[in-house]
1. Pop the C-beta distance of SER236 and THR335 into the FRET formula with R0 = 60 Å and round what comes out to the nearest 0.05.
2. Extension gain SER431-TRP294, at 0.36 nm per residue separation less the Cα-Cα distance, in nm?
3. So how many Å³ per residue does the convex hull of the Cα atoms of the stretch 173-236 work out to?
4. What percent does the relative contact order of the stretch 39-139 come to when contacts are Cα pairs within less than 8 Å and at least six residues apart?
5. Add -39500 (n - 2.57) for each DSSP H run of 4 or more in the chain, then divide by its residues: what number comes out at 222 nm, to the nearest 500 deg cm²/dmol?
6. Quick one: Cα centre-to-centre distance for the stretch 86-135 and the stretch 306-365, in angstrom?
7. Say R0 is 45 Å: what FRET efficiency, to the nearest 0.05, do GLU179 and GLN96 get from their beta-carbon distance?
8. Kindly rank 70-79, 180-189 from highest to lowest mean number of other beta carbons found within 10 Å of each residue.
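All of the numbers you see were taken from the coordinates with simple rules; none came from a lab. These numbers were taken from a predicted model, which means no experiment stands behind them. Every residue, glycine among them, receives a Cβ derived from its backbone with ideal geometry; neighbour counts consider all protein chains shown.
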Amino acid sequence: MFRSLRRALCAAAAALLLILAGVGAQTVHADPAAPEDRAARAAAPGAGYWHTSGRQMLDAAGQPVRIAGINWFGFETANYTPHGLWARDYKSMIDQMKSLGYNTIRLPYSDDLFKSGTVPNSIDFSGGKNADLQGLGSLQIMDRIVAYAGQGGLKVVLDRHRPDAAGQSALWYTSAVPESTWIANLKALATRYKGNSTVIGIDLHNEPHDPACWGCGDTTRDWRLAAQRAGNAVLSVNPELLIFVEGVQTFNGVSGWWGGNLMGVAQYPVQLDVPNRVVYSAHDYATSVAQQSWFSDPSFPANMPGIWDKYWGYIFKQNIAPVWVGEFGTTLQSTIDQKWLAALVSYLRPTGTYGADSISWTFWSWNPNSGDTGGILKDDWTTVDTVKDGYLASVKAPGFPSGGGDPGDPGDPGDPGGGTAACTAAYTVSSDWGGGFNAEVKVTNSGTVALKSWKTTWTWPGAQKVTSMWNASYTQSGSTVTAANADHNGTLAVGGSASFGFGGAPGGGGAPTVSCTAT
């Protein structure tokens, strides 16, 4: 229903893939961080395993933390490895994720990874790329990705996305992959990464949907009961992990996104043998994935907070448990989708106001080859879609900031007083056809405190006029333009950036120097 397009790869792209040869039988287990490294990071927010307390996740030291991450898919497909390794080295991918301010990677996988005949493919080893992955099996590649992510301070959530590479399943089991196999493989992963707190938890099954139910009591369809069985099995071998439980499609006749309906939690919460381990996960999408009734409501987008409250937001607001929006994404091509994303980011609670007392998230996706959403990366697997990434700037949390003080305090945790607010701006012309042009300005927080807002100013040498602008508001007086942040991208963490774009006419104006003012 909602996923057939997003997982599809274009046949032309498949022709570019390189086939991995000579897979060896050597097993390389993921090593936990050395004791001295763990000690060095002990005081940093996010260190160690996490647990829950009410609506918050806390690190090993009891500091509030939250996930602000990205989905990197591919392990769940017939490539049996994250996508894009045909274009780049995996370490450069993870470095770029970190540089953009994402602090967690959600790694989808399928149960095919546990089959002896599974061979990862489509990895480029030329020019020294991915050199340490050569000859490894899929789980061994996962080990390397987890290890490198952990070295950079990132966390990983493993997502059982599909029973096999052929496609998703409504229920957590199929005739070919019974519940016993699902649970055995979950336990195998939990055991594999025991003692390695880079892996903070497992998302038990991706997007349960009709005929899956919540609280109906039918053990063949009741996802809540299945999540309890699987969650307890995982915790029996690794009691430190978080158990991420997605919703269903329909509860009491009310339907929503696959995996996005958590209305049943109020009456039927997931109860595990180890306390403070459940995180509820919702998925939410825009019209580029599928149409929903709320998009055509005359009050849209003002109606959206109420929709989210009903399906999953109440869990956070009523302090029942943490909520993680494990997937949300859009091509961002329509005005409706742009308004939807801006509204959702605001609903997730911007870092500058709420710190870690926010709803966690992982954006779908890092990959550009997601058919109905696209990704943070463009089709060259290197260039960042700065407009899409810019929408997320206010809710990012690089380095797992604790939020400072009382996590319920709405004060700005990024400004303890005495810091310097500063920003820089870079102007780039993306196209110029003489009669008009398109350009982009990237604003970067170059100061020592988080920013609440920013504005930029430049003067063209000729008669250029702004004809339209997105992700910022503007005024123009003569040849001088002043552009200020939109509501969704004014807050910037230290080192963070946001971009806005515009069209203008006539062309030929070049790239003027842009000044930036921060507050």
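1. Numbers: r = 50 Å, r/R0 = 0.83.
After rounding, the FRET efficiency stands at 0.75.
2. Values: separation 137, 0.36 × 137 = 49.32 nm, distance 3.59 nm.
Residue separation times 0.36 nm, minus the Cα-Cα distance, leaves 45.7 nm.
3. Values: hull volume 5.8 nm³, N = 64.
Spelled out: Cα convex hull of the stretch 173-236, divided by residues, is 91 Å³.
4. Working: 137 pairs, mean separation 25.0, N = 101.
Dividing the mean separation by the residue count of the stretch 39-139 yields 25 percent.
5. Working: 11 runs with 96 residues, N = 519.
Counting only the DSSP helices, I get -5000 deg cm²/dmol.
6. 28
7. That gives a FRET efficiency of 0.75.
8. 70-79, 180-189
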